[in-house]
1. Just checking, how many residues over region 10-47 are in a helix (DSSP H, G or I) and open to solvent by less than 90 Å² (accessible area, probe 1.4 Å)?
2. Conditions first: (1) modelled with pLDDT under 80; (2) open to solvent by less than 100 Å² (accessible area, probe 1.4 Å). Residue 76 passes all but one, so which condition is the exception?
Amino acid sequence: MSIKQKISNLVSPFYEKVWHGPKGKIRERVKKACDEMPHRQRLTVVTVLLSAFVLIAFFVFGHACYKMGAGHARQTIEVEHIQQLELPTKTYDHETAR
């Protein structure tokens, strides 16, 4: 068994418990709530949520464009030169090594 398979075997139950379990429960709860709604009410909810998403997306995009136009998005880059390191010098004497 390779290391990749061992890691996968260890992570898989954790991934299932943390991601798939809660996600499946939320999905079932939302599906049940949507199935219980009348068609017109469901259409209204979807329309309101889509409209809110579109408005927020336009706001975020417009704010980013404004910041770029105002120059707030630019950051000045300061150049720092690398200084030479002081390395310890070790003198090796061939005659004393004998």
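1. Our first condition is that a residue be in a helix (DSSP H, G or I); within region 10-47, this holds for 10-36, 39-47.
From what's left, open to solvent by less than 90 Å² (accessible area, probe 1.4 Å): 11-13, 18, 20-24, 30, 33-34, 42, 44-47.
So the count comes out to 17.
2. (2)
The values are calculated or read from the model by the stated rules, or taken from the named source; none is laboratory data. For clarity, every value in this text was computed on a predicted model and none was experimentally measured. Only protein heavy atoms, including side chains, enter the accessible area calculation; ligands, DNA and RNA are left aside. Shrake-Rupley method; radii C 1.70, N 1.55, O 1.52, S 1.80 Å.
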